[in-house]
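Nothing in this text is a laboratory measurement; each read-out follows from the coordinates by a stated rule. No experiment lies behind these values; they were computed from the predicted model shown. As a convention, Cβ positions derive from the backbone with ideal geometry for all residues, glycine included, and neighbour counts pool all protein chains shown.
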Amino acid sequence: MLPNDNLELFRSVLSDFHKAGILSDFILIGSWALRVYQDYSTMMEYQSILVRVPEPVVFVLMKYLLTIKRTGSFESKIAKDISTASDLEFFLLDNGAHQDFRKRFDLMPGKWQKDLMEVLEKYRSGLVDILT
């Protein structure tokens, strides 16, 4: 399949799920993250179809945190994760999400908070000042 064919297939499946009324039971993420995101998702509209997606603030925090788990040959994936997290972080902060980041960070287990702060400091994230 060509990339455009994949996009059309995705749209077709979403449309079918929407028509069947089952999208509210789905979260569009990789299966590895289901346990993390299942309680931190929201409904958004995509081409007139409601889909459940991870909350953007939680998504950013997890993108940063998961870089710890990637090693060796995953350098390009780490760079992509950091770029994605950083871009979305900037957008969210520019739109007033400071307290949302603080709230979600405070709900994290202590070890995650410690690990996340190390990553944020390493990549010079603007979240360091907000979360400390």
>> Strictly over 20 Å apart at the Cα level, which of Lys77/Lys114; Lys80/Lys111; Lys63/Lys114; Lys77/Lys122; Lys69/Lys122 would you flag in this model?
In response: Lys77/Lys114; Lys80/Lys111
> For the residues Val57, Val119, Val13, what sequence is obtained by ranking on other C-beta atoms within 10 Å, fewest first?
Replying inline: Val13, Val119, Val57
>> At a threshold of 8 angstrom on Cα-Cα distance, excluding pairs fewer than six apart, so keeping six or more, what relative contact order does region 56-131 reach in percent?
In response: 39 percent
> By what distance, in whole Å, do the Cα atoms of region 36-132 stretch along each of the three principal axes, largest value first?
Replying inline: 40, 32, 25
> Looking at region 44-132, which trypsin sites (Lys or Arg not before Pro) are DSSP coil and have at most 11 other C-beta atoms within 10 Å of their C-beta?
Replying inline: Lys69, Arg124
>> Output wanted: per-residue J couplings in Hz (rounded whole) for region 98-113, from phi through Karplus 6.51 cos²θ - 1.76 cosθ + 1.60, θ = phi - 60°, x for Gly and Pro.
In response: 3, 5, 5, 4, 4, 4, 5, 4, 5, 7, 6, x, x, 5, 5, 4
> Roughly speaking, what is the stretch gain from Ser48 to Gln113, that is 0.36 nm per residue apart minus the C-alpha to C-alpha distance, in nm to one decimal?
Replying inline: 19.7 nm
